[in-house]
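S.K.: Dropping the structure in here first, questions after.
The values are calculated or read from the model by the stated rules, or taken from the named source; none is laboratory data. Just so it is clear, the structure is predicted and the values come from calculations on it, not from any experiment. For neighbour counting, all protein chains shown are included, and Cβ atoms are generated from backbone atoms with ideal geometry for every residue, glycine included. Ligands, DNA and RNA are stripped out before the accessible areas are found, and what is left, the full protein with its side chains, is counted by its heavy atoms. Shrake-Rupley method; radii C 1.70, N 1.55, O 1.52, S 1.80 Å.
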Amino acid sequence: DQQVKQNSPSLSVQEGRISILNCDYTNSMFDYFLWYKKYPAEGPTFLISISSIKDKNEDGRFTVFLNKSAKHLSLHIVPSQPGDSAVYFCAATRYSGNTPLVFGKGTRLSVIA
Amino acid sequence: NAGVTQTPKFRVLKTGQSMTLLCAQDMNHEYMYWYRQDPGMGLRLIHYSVGEGTTAKGEVPDGYNVSRLKKQNFLLGLESAAPSQTSVYFCASSLPGGFQPQHFGDGTRLSIL
């Protein structure tokens, strides 16, 4: 049973517009969420995170929104740039203890110039 | 600063052969992880370690063994390789805590014929 779901395998966006990547989770024990970006032939790199005590976290062009009641989070990229073209993974865990990350299957973002 | 280094980058094995994948990190991280990435499956945790001399099973541990004899190294072994173990393997490390951002190596592409 998938605990972290990214239901859109791919997304295409025009350069300069907003990219919105979605993620849903089913385990109500998760209280910390991270986004990773992955380029081909490279390992994933950490992008941004959010704790369940917040509903928004912003870092430059990247903003993550968390809706706990809906068990839903989204990553917004504004404005989108061609260099943002990559696979984005959502991951979830518990802040306390040693609970390993659970990753979604990823969304491939293509930013078209 | 090399970060996380995985050796080898590519390998082709025959069914039944054994091999060891090496992961080395120079960030003095306590936690280390092994994942596999298969098309459409995202990142799945094989085994992880929360400190030197300790290991624990992840989501898909069958057919793999690990050892963490030194803090900076985490070895993943395949005792008798099977075609189902054809995958891209990623190692990661982090500070203590499941919520900490993980730093990934660039992966080992393993094909088993």
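S.K.: Name the shape class, rounded, prolate or oblate, that the alpha-carbon gyration tensor gives for segment A:4-112, where a ≥ b ≥ c are the square roots of its eigenvalues, rounded holds for a/c under 1.5, and otherwise prolate holds if a/b is larger than b/c and oblate otherwise.
M.R.: Prolate is the answer for segment A:4-112, as a/c is 1.5 or above and a/b outweighs b/c.
S.K.: Once amide H atoms are placed 1.01 Å from N in the peptide plane, what residues at a sequence separation of 5 or more from A:R94, or on another chain, have their amide H within under 5 Å of its amide H?
M.R.: Distant-sequence amide H within range of A:R94: A:D31, A:T99.
S.K.: May I pose another question? Ignore the peptide's own chain and count Cβ atoms of other chains within 10 Å of each Cβ in B:29-39; give me the average, rounded.
M.R.: Mean shielding count: 2.
S.K.: With heavy atoms of protein chains only and a 1.4 Å probe, what residues of segment A:98-113 have at least 30 Å² less accessible area in the full set of chains than alone?
M.R.: Residues shielded by partner chains are A:N98, A:P100, A:L101, A:F103, A:K105.
S.K.: Using the Cα gyration tensor of chain B, with a ≥ b ≥ c the square roots of its eigenvalues, what is the shape: rounded (a/c below 1.5), prolate (a/b larger than b/c) or oblate (neither)?
M.R.: Prolate shape, in that a/c is at least 1.5 and a/b is the bigger ratio.
S.K.: For segment A:4-112, what is the charge dipole size about the Cα centre, in debye to the nearest 20, if Lys and Arg each add +1 at the Cβ and Asp and Glu each add -1 at the Cβ?
M.R.: 220
S.K.: Please check: in the Gaussian network model of chain B (C-alpha springs, under 10 Å), which one of B:Q72, B:Q25, B:Q100 has the largest mean-square fluctuation.
M.R.: Top of the fluctuation ranking is B:Q100.
S.K.: Now for a different question. Taking every DSSP beta bridge that has both residues in chain B, what percent is antiparallel when rounded to the nearest 5?
M.R.: Antiparallel: roughly 90 percent of the beta bridges in chain B.
S.K.: Ok, one more. Looking at chain B as a GNM with Cα springs under 10 Å, which of B:P39, B:P101, B:P61 has the largest mean-square fluctuation?
M.R.: Maximum among the listed residues: B:P39.
S.K.: Taking the Cα centre of the protein assembly as shown as origin, sum charge times position over the Cβ atoms of Lys and Arg (+1) and Asp and Glu (-1), and report the length of that vector in debye to the nearest 20.
M.R.: 200
S.K.: Could you sort A:8-14, B:26-32 so that the peptide with the highest average Cβ count within 10 Å comes first and the rest follow in order?
M.R.: Ranking, from highest mean packing down: B:26-32, A:8-14.
S.K.: Same structure again: Within segment B:40-95, report the trypsin sites (Lys or Arg not before Pro) that DSSP leaves as loop and that have at most 14 other Cβ atoms within 10 Å.
M.R.: In loop regions of segment B:40-95 (DSSP not H, G, I, E or B), the sparsely surrounded trypsin sites (Lys or Arg not before Pro) are B:K70.
S.K.: Per residue of B:41-51, count partner chain C-beta atoms within 10 Å of its C-beta, then hand back the mean as an integer.
M.R.: Mean partner-chain Cβ count within 10 Å for B:41-51: 4.
S.K.: Extension gain A:A113-A:V78, at 0.36 nm per residue separation less the Cα-Cα distance, in nm?
M.R.: 11.2 nm
S.K.: Highest first, please rank the peptides B:83-90, B:7-14, A:49-56 by the mean number of other Cβ atoms sitting within 10 Å of their residues.
M.R.: Packing proxy ranking, top to bottom: B:83-90, A:49-56, B:7-14.
S.K.: Next question, about the same structure. When Lys and Arg each count +1 and Asp and Glu each count -1, what net charge do the other residues less than 11 Å away from B:S84, Cβ to Cβ, add up to?
M.R.: Here the charged neighbours net out to -1.
S.K.: Using 7 Å Cα-to-Cβ label points, what is the A:E15/B:N73 separation (nm, one decimal)?
M.R.: About 4.7 nm separates the two model spin labels.
S.K.: Taking each residue of A:88-96 in turn, how many C-beta atoms of other protein chains fall within 10 Å of its C-beta, and what is the average?
M.R.: Mean partner shielding for this stretch: 3.
S.K.: Related question: Return the whole-Å distance between the Cα centroid of segment B:1-67 and the Cα centroid of segment A:46-113.
M.R.: Using only Cα atoms, the two centres lie 24 Å from each other.
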